[in-house]
Amino acid sequence: MKIKNYMERIVVEKLDELLQGRTDICACEQCRTEMVTYALNHLPPRYVSSHRGEVFTKLDDMNTQNIADVSKVLVKAIEVVSTNPRHSM
Ligand SMILES: [Zn+2]
């Protein structure tokens with residue numbers, strides 16, 4: 001059985017977008033992983049079979065409200081992780 005949480009991919013793509021040009025925020029692998037984890041724990045999962053996952057390439061499947069929700073949660077995730085990083089600066 002091959003099931004993927006499509007939300008994971010959306011969150012990662014959106015996070016990269018939001019972190020672009022943000023020099024005040026640590027965007028190392030560890031912090032980005034923390035941000036993605038936080039966001040995924042606060043968003044409903046969207047499971048797809050991995051075959052269908054290949055077919056979805058972009059955010060086309062998501063409506064504007066979903067994307068707005070993802071952005072909102074990610075902004076919060078960035079705030080939470082950047083003010084309390086798991087590593088020393
Ligand atoms: Zn970091």
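Some points to look at:
- For region 25-48, the tally of residues that are farther than 14 Å from K76 by Cβ and without any contact (Cβ under 8 Å) to a residue 40 or more places away in the chain stands at 5.
- Members of region 18-46 found to be of a type in the set (G, A, S) and open to solvent by 50 Å² or more (accessible area, probe 1.4 Å), listed by number: G21, A27
- Check on D69, acidic (D, E), within 16 Å of the ligand (Cβ to nearest atom) and either buried (at least 16 other Cβ atoms within 10 Å of the Cβ) or modelled with pLDDT of 90 or more (or both): no
- Within region 48-60, being farther than 16 Å from L18 by Cβ and modelled with pLDDT under 60 holds for R52, G53, E54, V55, F56, T57, K58, D60.
The values are calculated or read from the model by the stated rules, or taken from the named source; none is laboratory data. What you see is a predicted model, and the numbers here were worked out from it, not measured in a lab. Reconstructed Cβ throughout: ideal geometry from the backbone, glycine too, with neighbour counts over all protein chains shown. Note: areas computed on protein heavy atoms with side chains; ligands, DNA, RNA excluded. Shrake-Rupley method; radii C 1.70, N 1.55, O 1.52, S 1.80 Å.
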